[in-house]
Structure formats: C-alpha cells, structure tokens
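Notes follow once the structure below has been shown.
The values are calculated or read from the model by the stated rules, or taken from the named source; none is laboratory data. Treat the numbers as computed from the prediction; the structure is a model and nothing was measured. As a convention, Cβ positions derive from the backbone with ideal geometry for all residues, glycine included, and neighbour counts pool all protein chains shown. Heads up: the accessible areas ignore ligands, DNA and RNA and are worked out on the full protein's heavy atoms, side chains in. Shrake-Rupley method; radii C 1.70, N 1.55, O 1.52, S 1.80 Å.
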Amino acid sequence: MIVDLPGFVARHTPCFEELSQRLQRIEQAPDKTFTIEEAERVHYLYQRAVSALGQISSLPESNELRRYLEALVARAHVELHDSRRRTTPFRPIRWFTGVFPRTFRRHLRAFLIATLVTILGAVFGGFALSVDDAAKETLLPFSHLLGDPRERVEAEESGEMKGGSHGTFASYLFQNNLSVSIRTLAFGLFWGIGSIVLLFYNGVILGAVCFDYLRAGESLFLAGWLLPHGATEIPSILIAGQAGLLLGRALIGWSDATALEDRLRALAPDLVTLTGGLAILLVFAAIVESFLSQYHAPVLPYSLKIAFGVVELLGLIAFLTFGGRAADSPALPGRQYV
Amino acid sequence: MFERVDSLAIETGDGVVFALPLAGVMTRFLAWLMDLVVVLALTALVSKVVMIFALVSADMGQSLQMLGFFVISTGYTFTCEWRMRGQTVGKRLFGIRVVDAEGMRLRVSQLILRNLLRAADMLPLAYAVGGVSLLLSSKAQRLGDLAAGTVVVRVVKRELPALAGVLGDEFNTLAEHGVLAARLRREVEPRVAEGALAAVLRRNSLDAEHRVLVFKDFADHLKSVVHFPEQTTLGMSDERFVQNVVGILFKKERLKVPVRRT
C-alpha cells in the first residue's frame, strides 16, 4: 500500500508534461504528419506513462494520480493506435467512380433481395388496387396521385399544371428522397426488418401508381413520366435498402463467428460509401424529375423522355457493373455479409 | 440483461487498463437540447442570408432556403464532431465527447454512420428508441453508437496532483512517534487511506463548512485506529492531523522507531 508518491511524481513529471504538450500539439493539428523522430519520442513517452500507470494501478490509494495518468494514456492511445488511418487523401471522383460501384457489387445479393422485396410490394400494391379501388386513398400518400389518371394526363398535356418553381421542387425532391433513403438504411438497425418494411411499402406505392395508370390506358404517359427520374431514384432507394439489409445481417451475424462490434466495424465504411453514392444519384434524379419529368408531350415527346430514361438506366447498370473494375482485386478489404 | 458500467475500460497492448468515464443520459439530453437551439439559430440566420437570392429569383431563394435547412439539420452534428474532435457546441458546453469504443482515433465513417442512424434512434419521437437503448446498453450507447462503434464520454480535465506540498512536511510531529506511525501504516484500511489522500488533494475545492466536516470525520476515525499522545495532537486542527497521517502513509521516509537495548 505504501509508496513514495511524491518521489514517484517528481521522477515522472517531466515525462508526463512533455507527453501532454506533444499531444496537445497533435490534437490542435490532427492532419499534420509525424516525423519519425516525433513519432518515436511520443511513443517512448507513451510507454513511460503506461509503465507508470501499471505501477500505480495496483494502488487504489493513488486515485487522483491514477486518473490523471489514465486520461494522459487515453489521449496518447488515441493518437498512436490507429492502423486504420487513411494513407492516401480522399479523392471524390475516384471514390464515386471506383469505390462506390465496387462496394455495390461486393454486396450484390443484398441489393437483389432489396429489389425482390420492392417487387413483391409492387405486386401487392397493384393487386390491392385491383380488388379494392377505395384502397387508393390509403395506399397513395400523395394528393396529386389520388385523382383520375386520364384527367391528370389531359391537364398535364394541355399545360395547365406547369409551374415555374423548378429549383424549389428539385430541392424538395432531393431532401424527401434522401430522407426516405436514410430511413430505409437506418431502420436496418431493427435486424433488417425495418428496411424490409420500408422497401415493401415503397413497392406498394409504386405498384399501385403503375397499376392505376396502366388500368387507365396511360402506359405511355407513365413511362415518360417515371422513367427519366425513376431510373436513378428507384435504384437509389434500393441501394439504401441494400445498406439496411447489410446492417441487419451484421447485427444478426448469421454464420459469422466474429464479435458483433467487429462485424459492425468492418461494415461501417461500406455503409457510408453506399449512402454517399446514393445521395449523389438522388441529386441527379431530383434535377431530372424537376426539370425534365414534369414536362410532357407536346412540349417533350414521350418517345424522347422514354429513350432518355432507358439510356439513363442502361448507363447506371453499366456504371454499377463495370465501374472501378480495373482496380477490382480479390484482396480488397470488406466482409461479404449477404 | 447487460451489466451497466459507468466507465469504459480499455486495455492497451501492454496490458495496462485505463478508463474513460461514460456520459450520462441527462447530460447527453441537455447537450442535444443545446445543439437544437444552435441548429434553429443557424437555420434562421441562413434563411435570412439566402433570401438575398430571392431578389434575383424567388425560386432560387426558396430552393436555397429549403436546402439550407436540410443541410444544417442533417449535417450540423457530423460537421461539428468531425472538425471538433467528437464534440458539438452542446457537447463541448456540457463536457462530453464522442470517442471510438476501443479508444482509437475516430474515423469519419464512424461519425457519418452514427449520425445517419439517428433516424432510427429518434423513433417514434424525441429519441425514445435511442434513450431506451442508452439505458439498456452496458456502455450507454444509442443504436447509432452501437453500429458505428462509438461511445460518448465525459471530458474531465485532469491536472497532475501536487503531492509534494500536501503530504505533510518536516514539521510532521506524528512521524516522531515511530511505533505509532508504523502501526498507523499497518492498521489503516487502504480505502480509508485513499479517501484521506483524496480529501487532502481536493480540500481547496470544498466549501468551508464541508471542509471542516470531512476532515473531522477522517480525523475521528484515524484517531480511533491509533491513539497518539494528547500533547502531540493538542491544538492540531483535524485537517492538519489528517494531512500528517496521509504524509506518514504515503511518504517513503524512515520512521524513528526506538531501538530497545538489552
């Protein structure tokens, strides 16, 4: 129990104070790179502090000193123990064109499951509307979709519904779609079930709208209206669902003996990559929806809009299939969850 | 059920364990409220600024206002935590910080993820799910923290304790009674010794009334363990007595023990 605490403190104080000052400099400029000499010196001082902590941690009497040392060691530990630090600077274009599609492909099964769930929802939505027309009010949360499709098409084609607030509309669409995507991802925290529910619900809405317009014989309008922005918007929501399912899978940990923390830690960069990628796709979708999708024949021929949508969809498929393939390697980091 | 802890223990590669004190629910709630006020203030400010663009185009002004609100409300926490080493304005005010659950450097991806997953923690309203998770989690983590591998800890500024000045001095008259002092070292329980040391170290942070009471309690207890001659302790304040005892317990100096000659 008895230790010469004043002597102990006096011997180690210069080392503690130097470590504290060096850490303060590092903390104030976190992006600054260590020189070898600096790193060695900090590491040496850290080892001295750890050793001192080891000496007094068996002595409950020295609580104040131990707390001081624990705080000092914790600060140094953060700075010294990070093998995960990025060694190359973040390059947004390379990330979007390479890392994003590679990450998408690595978890393709989760995307296919998200697509399947949405298709099932769409089938259910169409079926529900086919057997109960009154279900439209329940299934469709948007007032402008509740009316008769033929009347809407007539109004759109006659130019009655044109407004001039494209920027505001694009902003609204972007924030709405990104919020839906974030929720679809985040609800994956409920073991993936939340994501499945949201994907299914989105599918129900999509299916009900499509069925409503197809039943009214407005398939050309529907394709011309939905394809230009839907070609990127719908895959974006599906990618959010993919991320949510990955999250759920990692939480459950089927056929994976790794600790929960390790599974989540390994997955986190992929989730962020998928979310960042889909956010960029949604910006594009919002611009297209606001400035192109809302114009109909005769201003913009449906054939042109449909062709644009098809080209866009094929381009997206090509991008996600081949993007960053040159850098593909079996040694790429990341765990296969689904 | 998880066993709840009030500090996060991290073991270094050298096998030494250090602890980070975890932030409580109420502190985090107050920090969040503070951040809410900051977000509202920033939003109001940005709204005023972007309305200048409305003079050029009403659509542009409205569009920027909408985007500004969205960017601030969703990006404020992440940006602050990224640039301020795990703190927001609210967190800094209430002395808490986001750190990696393994004591390593926070990655940007961790901060993005813990903020993206707020959408689940906020369900059904007012962070109810996050609050329940925080209460049930052994490390006081909301769901976003669990997924991102982060915890929120209290930031406590620690100073190297100035031991030399408080552990008694050459005028420690108790140390002259070598046998009694040796008995004191043997008889005083470690937790009492630790408490007495903590009291001496923190005495200046106590108000006058509590300072007297705390040292009276310690002095009474210590005097009941070892009886020093009355003339030695006569006129000595309880605080000075405890300080001298702490000096005996924690200073490695030879005690004057009389040698019995035959």
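Quick look at the numbers
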{"quantity": "Search result, residues across region A:109-133 that are part of a helix (DSSP H, G or I) and open to solvent by 70 Å² or more (accessible area, probe 1.4 Å)", "calculated": "A:ARG109, A:LEU112, A:ILE113, A:LEU116, A:ILE119, A:LEU120, A:VAL123, A:PHE124, A:PHE127, A:VAL131, A:ASP133"}
{"quantity": "Verdict on A:ILE252 being touching a residue at least 12 places away in the same chain (Cβ under 8 Å) and out of contact with any helix residue (DSSP H, G or I) (no Cβ under 9 Å at 6 or more places or on another chain)", "calculated": "yes"}
{"quantity": "Scope region B:71-101; condition more than 11 Å from chain A (Cβ to nearest Cβ) and hydroxyl-bearing (Ser, Thr, Tyr); matching residues", "calculated": "B:TYR76, B:THR77, B:THR79, B:THR88"}
{"quantity": "Residue within region A:200-212 that is among the charged types (D, E, K, R) and over 27 Å from A:SER303 (Cβ atoms) present", "calculated": "no"}
{"quantity": "Scan of region B:52-70 for residues that are open to solvent by 80 Å² or more (accessible area, probe 1.4 Å) and either within 9 Å of another protein chain (Cβ to nearest Cβ) or outside any helix (DSSP H, G or I) (or both), ordered by number", "calculated": "B:ILE52, B:VAL56, B:MET60, B:GLN62, B:PHE69"}
{"quantity": "Criterion (closer than 30 Å to A:LEU304 by Cβ and either open to solvent by 20 Å² or more (accessible area, probe 1.4 Å) or within 14 Å of chain B (Cβ to nearest Cβ) (or both)) met by exactly one of A:ILE252, A:ILE234", "calculated": "A:ILE234"}
{"quantity": "All positions within region B:19-51 that are within 14 Å of chain A (Cβ to nearest Cβ) and without any contact (Cβ under 8 Å) to a residue 60 or more places away in the chain", "calculated": "B:ALA19, B:THR43, B:VAL46, B:SER47, B:VAL50, B:MET51"}
{"quantity": "Members of region A:234-259 found to be part of a loop (DSSP other than H, G, I, E, B) and β-branched (Val, Ile, Thr), listed by number", "calculated": "A:THR258"}
{"quantity": "Check on A:GLY224, small (Gly, Ala, Ser), in a helix (DSSP H, G or I) and either surrounded by fewer than 19 Cβ atoms within 10 Å (Cβ to Cβ) or touching a helix residue (DSSP H, G or I) at 6+ places or on another chain (Cβ under 7 Å) (or both)", "calculated": "yes"}
{"quantity": "Candidates A:PHE291, A:PHE221, filtered to the one that is of a type in the set (Phe, Trp, Tyr) and over 25 Å from B:PHE70 (Cβ atoms)", "calculated": "A:PHE221"}
{"quantity": "Region A:210-221: number of residues that are open to solvent by 10 Å² or more (accessible area, probe 1.4 Å), hydrophobic (A, V, I, L, M, F, W, C) and assigned to a helix (DSSP H, G or I)", "calculated": "4"}
{"quantity": "Candidate set from region B:106-126 (those that are surrounded by fewer than 18 Cβ atoms within 10 Å (Cβ to Cβ) and farther than 18 Å from A:TRP191 by Cα); member that is nearest to the other protein chains (Cβ to nearest Cβ)", "calculated": "B:VAL108"}
{"quantity": "Residue in region A:1-33 that is nearest to the other protein chains (Cβ to nearest Cβ), counting only those that are among the basic types (Lys, Arg) and part of a helix (DSSP H, G or I)", "calculated": "A:ARG11"}
{"quantity": "Residue check, B:THR12 touching a helix residue (DSSP H, G or I) at 6+ places or on another chain (Cβ under 7 Å) and modelled with pLDDT under 85", "calculated": "yes"}
{"quantity": "Candidate set: region A:171-188, residues that are at the interface with another protein chain (Cβ under 9 Å from one of its Cβ atoms) and open to solvent by 10 Å² or more (accessible area, probe 1.4 Å); chosen: the one farthest from A:VAL117 (Cα to Cα)", "calculated": "A:TYR172"}
{"quantity": "Residue among A:LEU300, A:LEU260, A:LEU292, A:LEU316 that alone is modelled with pLDDT of 90 or more and either within 30 Å of B:SER63 (Cβ to Cβ) or open to solvent by 20 Å² or more (accessible area, probe 1.4 Å) (or both)", "calculated": "A:LEU316"}
